[in-house]
Amino acid sequence: MPVALFVPATLGLLFLVLPLAGLLIRAPWATLPQRLTEPGVLTALRLSLQTATIATGFCVLLGVPLAWLLARVEFPGRRVVRALVTVPLVLPPVVGGVALLLVFGRRGLLGTWLDATFGLTLPFTTTGVVLAEAFVAMPFLVIAVEGALRGADARYEEAAATLGAGRWTTFTHVTLPLVAPGIVAGAVLCWARALGEFGATITFAGNFPGRTQTMPLAVYLALETDLDAAIVLSLILLVVSVTILAALRDKWLTSP
Amino acid sequence: MAHQPVTDAAVVKEGPVLDARLVVDRGTFRLDLALRIEAGEVVALLGPNGAGKTTALRALAGLQPLTAGHLTLAGRDLDRPDRRLWTPTEHRSIGVVFQDYLLFPHLTALDNVAFGPRRHGVDRRAARMRAADWLDRVGLAAQARARPRHLSGGQAQRVALARALAVEPVLLLLDEPLAALDARTRLDTRADLHRHLADHPGATLIVTHDPLDALVLADRLVIIEDGHVVQEGDAATITAQPRTDYVARLVGLNLYRGTADGHAVTVADDLTLTVADPLHGDAFVAFPPAAVALHPGRPDGSPRNTWPATITGMQRHGDNLRVQLDGPIVVAADITPAAAAHLRLDLGAPVWVAVKAAETRAYPADRPKFRP
């Protein structure tokens, strides 16, 4: 094996693994059980799990039809639409948060109308957290599902039509089951991204314990006051992430 | 078996069940195919790759709209571009067996077959009972709970057939139904398929490039080349009197077109064949490769057609040797090993070709190619 490749490869691996090891080494294992049950930790964890799950549900509801549109319907400007869908993927999340404020903020384009018509205020609420997470995470789902749809043989849909199934029945009875693994993978990825969301959330929803303070926000806050608390919170997020990875190992880790 | 017809269109009126003129333009390719099929009739659409067979099937199924022409099934217009009339696939009384079957991988064999009846408004229990009945008919009752990936090729083919027939279609379409099977399975499946098609009360169209499938399964053959019908008729007529090189190759005959004057048919500038059947005008002459004899020198004293030729190819053909020859006409000859021993069979070697008049068939080329 050429040294020129082996050395940087090893360094790269260390670079990825060392910080995680550091987290485990510096963890306050003795006081861990007690710290885990602190009300602040559990509240942040519960809020994170709830908002990430609702945001994922929201993304599935809107993202699967969007993926279907991109994969199955020829329309002018489809490439532009696909590019637009992926923008949040590359956009710095803070910018996403600012953009959300400009639209859904109290004086935003839609926010003013929402406030006047329904008395609905989104920024600095739990709903705002869900919106911020969904905005950042949706591209992951759309891209995964669109890929699954493109990989699925559209002729199954033709076969369904010859058996008397209309477009909607074909979608629910044939297309969806065929791409179900892709939807699950996309949803898990989307959920993991929503769980770790920081920039857009803190910009659009603020940092109110119990209302908008999710785990990543709690970690950031704890870092300034109580390092051990930050480590414990980080440890929890690490465990959740690794669990997700383990759940998806058949999907990615075994691929060549 | 007492089934309620799934579709009201199953009640067939007088006249052909299917009456269509399929015109489809696709870039530089144009399919223009008139097709009529009676109730209970099995028609094979036979042609080389790229002839437009699959396009025709897709047009009938509503997966490809017509450019012009019309498609009338059981007295109902389904596709008529000049009247802006179009019926989507799911509202046509058709059943399709796709070449690679396209069984839904997430459903059991039973639920695959029940899928069609369910979409036609049959409730779940009744649809499953009907599906079980169809699986039983194709001999797969034991595989009802199996997923498609656990079925063999022959089993999948039969499930696909049961699935297509379970909606009791007026028109059954089969796309290369046996092409995906190995030779041994194909033999058994072909016999089964023949039986099920004979029981099917509606019209059946088989698209195939395999002449054997067409000859065994179909009552009538429609042969298309480059989007157009070149010959149509029953198996006996087509095998006896091919009208194009493609058909002649399919049925294994040498075929030439020429001008007849009594027993003499001029098939090339310097070759006139003597034939048994007298006729006049534009004519075809056909004879099997086995009727061709080869001689090292010019044969004399016999009432034969003879001409010099050169050998351009040789291959085993059953117990015999098939020799390809060039000369005034290109001809294939089947000769026995014994006959081969008397010849110097080298590529490019000169030989004399002899064909007895009694073994030729001559028939007019200018009569209408197919029924109006």
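The values are calculated or read from the model by the stated rules, or taken from the named source; none is laboratory data. Source: prediction; values computed, not measured. Methodologically, a virtual Cβ is constructed for each residue, glycine included, from the backbone with ideal geometry; neighbour enumeration extends over all protein chains shown.
Annotations for the structure displayed:
- Whichever residue in region B:70-120 is free of Cβ contacts under 8 Å to residues at least 40 places away in the same chain and of a type in the set (V, I, T) and, among such residues, is nearest to the other protein chains (Cβ to nearest Cβ): B:T89
- If you check A:T162, A:T170 for being touching a helix residue (DSSP H, G or I) at 6+ places or on another chain (Cβ under 6 Å), within 14 Å of chain B (Cβ to nearest Cβ) and free of Cβ contacts under 8 Å to residues at least 12 places away in the same chain, only one passes: A:T162.
- Qualifying residue in region B:170-190 (condition: buried (at least 19 other Cβ atoms within 10 Å of the Cβ), at pLDDT below 95, in the same structural domain as B:A44 (by TED's automatic domain parsing) and polar (S, T, N, Q)): yes
- Breaking point among (1) at positive phi; (2) outside any loop (DSSP other than H, G, I, E, B), for B:D192: (1)
- Residue in region A:180-191 that is farther than 29 Å from B:L165 by Cβ, buried (at least 20 other Cβ atoms within 10 Å of the Cβ), more than 8 Å from chain B (Cβ to nearest Cβ) and of a type in the set (F, W, Y) present: yes
- Residues that are β-branched (V, I, T) and at pLDDT below 90, drawn from region A:203-230: A:T225
- If the condition is being of a type in the set (D, E, K, R) and within 14 Å of chain A (Cβ to nearest Cβ), then region B:121-149 contributes B:R124, B:R130, B:R147, B:R149.
- So A:T86, is it among the polar types (S, T, N, Q), touching a residue at least 24 places away in the same chain (Cβ under 8 Å), in contact with a helix residue (DSSP H, G or I) (Cβ under 9 Å, 6 or more places away or on another chain) and under 30 Å from A:V232 (Cβ atoms): no
- Taken over region B:245-255, residues that are under 14 Å from the mean Cα position of the chain (by Cα) and surrounded by fewer than 22 Cβ atoms within 10 Å (Cβ to Cβ) amount to 4.
- The listed residue being in contact with a Pro (Cβ under 6 Å, 6 or more places away or on another chain), more than 30 Å from A:R26 (Cβ to Cβ) and not hydrophobic (A, V, I, L, M, F, W, C), out of A:P139, A:P177, A:P181: A:P139
- Restricted to region A:72-114, and to residues there that are surrounded by 13 or more Cβ atoms within 10 Å (Cβ to Cβ) and of a type in the set (D, E, K, R), the residue that is farthest from A:L131 (Cα to Cα) is A:R72.
- Selection status of B:P211, at pLDDT below 90 and not hydroxyl-bearing (S, T, Y): yes
- Subset of region B:34-48 (residues that are within 15 Å of B:V230 (Cα to Cα) and touching a His at 6+ places or on another chain (Cβ under 9 Å)): B:L46, B:G47, B:P48
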